[in-house]
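Notes for the one structure printed next.
The values are calculated or read from the model by the stated rules, or taken from the named source; none is laboratory data. Just so you know, these numbers come straight off a predicted model, no measurement behind them. Using ideal geometry, Cβ is built from the backbone for each residue, glycine included, and neighbour counts are taken over all protein chains shown. We work out accessible area using only protein heavy atoms, side chains counted, and drop any ligands, DNA or RNA first. Shrake-Rupley method; radii C 1.70, N 1.55, O 1.52, S 1.80 Å.
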Amino acid sequence: MDQSNSLRRTIEDGGIVYGARASTFSPTVIEVFGQLGVDFVWLDFEHMGPSPYDSRVFEDLTRAAEAGGTELLVRLPSGDPPLIRKVLDAGVRNILIPRVDSAEEVRKAVEATRFVYEGRPGERGKASGRSSNWGAADGYIETEDDEVCLGVMIEKTTAVDELDDILSVPELGFVFIGPSDLSVQMGHPHEKTHPEVLETIEEITDACHEADISTGVIKTDPDEIEAAVDHGHQILRVGGDLGSIKATLGERLTTIRDDN
């Protein structure tokens, strides 16, 4: 298995990565996305899909990503350290933890990704799974700590209240902003563009950039994607398999039926 992580390298160098969600969890879709030039494939194990505790699930998924030349970005159900370790050992490099509340919670999650953390032993255990080429990788411990990247979703008011402390957690890779859940938390469900929600998103974005933490958002309109990049966001999820099927095939069928 390739030991490098192009997503982490790109955002640390100040670049932009564009990704797409694979709701089907299909290795074929992941490989095709990679061949199209998609930088990362978003796999949402928080709301759907198979159990992330079954490490066999990731063997075909990580192989497909490697074959297509893309990275996986895996959203887990929680920041449970045993789950984080198991998913990393299966070959995933980029992990996203949803619904965080506190800096201490984030710190425990990040520490679970590291063999060495802040100059002392971290909480990751050495294994012989796919991430280590089944135990044959050279410099495995050093490489993993240099390549693995963990981000968190800021989508709860509790996290907003403790944002400065969260952003100060060592080795936090990025922040992804979740407007849908944030709107619910703020008492404006389904109103992602409510002025109070937009103001809070702006505050989150500014705080992250001031702390030199990369940010990510979901945008599907080309003009909105361009505006997000101009605003300093580096991780853009710009579509997905099911949405693309609906849009492309739906429009085509409507045109055909209207013509006949």
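Sort out which residues of the range 130-159 are more than 20 Å from F58 (Cα to Cα) and crowded, with 18+ Cβ neighbours inside 10 Å, and write them in order of number. Across the range 130-159, the qualifying residues are V152, M153, I154, E155, K156, A159. For the range 218-246, a tally of residues being closer than 16 Å to G14 by Cα and either in contact with a strand residue (DSSP E or B) (Cβ under 9 Å, 6 or more places away or on another chain) or touching a residue at least 12 places away in the same chain (Cβ under 8 Å) (or both) returns 8.
The residue that is farthest from R9 (Cα to Cα), among those in the range 102-129 that are open to solvent by less than 20 Å² (accessible area, probe 1.4 Å) and assigned to a helix (DSSP H, G or I), is A103.
Would you check if L76 is closer than 20 Å to L172 by Cα, under 13 Å from the mean Cα position of the chain (by Cα) and open to solvent by less than 30 Å² (accessible area, probe 1.4 Å)? Here the answer is yes, as L76 does meet what is asked.
A residue that is under 24 Å from F25 (Cβ atoms) and of a type in the set (G, A, S) occurs somewhere in the range 211-234. When the test is whether a residue is modelled with pLDDT of 95 or more, in a helix (DSSP H, G or I) and either within 22 Å of A228 (Cα to Cα) or of a type in the set (D, E) (or both), E59 does not pass it. Any residue at all in the range 23-33 that is modelled with pLDDT of 95 or more, under 13 Å from the mean Cα position of the chain (by Cα) and within 24 Å of S132 (Cβ to Cβ)? No, the range 23-33 has no match at all.
Summed over the range 206-221, the residues that are in a helix (DSSP H, G or I), surrounded by fewer than 20 Cβ atoms within 10 Å (Cβ to Cβ) and touching a helix residue (DSSP H, G or I) at 6+ places or on another chain (Cβ under 8 Å) give a count of 1. Within the option set E203, E251, E224, being assigned to a helix (DSSP H, G or I), modelled with pLDDT under 95 and charged (D, E, K, R) holds for one residue only, E251. Looking at A64, is it under 17 Å from V148 (Cα atoms), without any contact (Cβ under 8 Å) to a residue 60 or more places away in the chain, small (G, A, S) and touching a helix residue (DSSP H, G or I) at 6+ places or on another chain (Cβ under 9 Å)? So A64 fails the test.
When E144, E224, E155 are checked against the criterion of being more than 23 Å from S78 (Cβ to Cβ) and of a type outside the set (F, W, Y), a single residue qualifies: E224. Listed by first and then second residue, the pairs with beta-carbon distance under 6 Å, at least 6 apart or on different chains, first residue in the range 1-17 and farther than 19 Å from D89 by Cβ and at pLDDT 95 or above, second open to solvent by 20 Å² or more (accessible area, probe 1.4 Å) and not in a loop (DSSP other than H, G, I, E, B), are S6/E71; I16/V229; V17/T10.
Only residues that are farther than 14 Å from V74 by Cβ, assigned to a helix (DSSP H, G or I) and open to solvent by less than 20 Å² (accessible area, probe 1.4 Å): list them for the range 17-54, please. Matches in the range 17-54: G34 only. Taking (1) under 17 Å from the mean Cα position of the chain (by Cα); (2) open to solvent by less than 30 Å² (accessible area, probe 1.4 Å) in turn, S4 satisfies each apart from (2).
One residue stands out in the range 168-202 among those that are among the charged types (D, E, K, R) and more than 26 Å from F40 (Cβ to Cβ): the one that is farthest from the chain's Cα centre (by Cα), namely E196. Please indicate, with yes or no, whether at least one residue in the range 160-170 is part of a loop (DSSP other than H, G, I, E, B), open to solvent by 10 Å² or more (accessible area, probe 1.4 Å) and touching a Ser or Thr at 6+ places or on another chain (Cβ under 8 Å). So far as the range 160-170 goes, yes, one or more of its residues are part of a loop (DSSP other than H, G, I, E, B), open to solvent by 10 Å² or more (accessible area, probe 1.4 Å) and touching a Ser or Thr at 6+ places or on another chain (Cβ under 8 Å).
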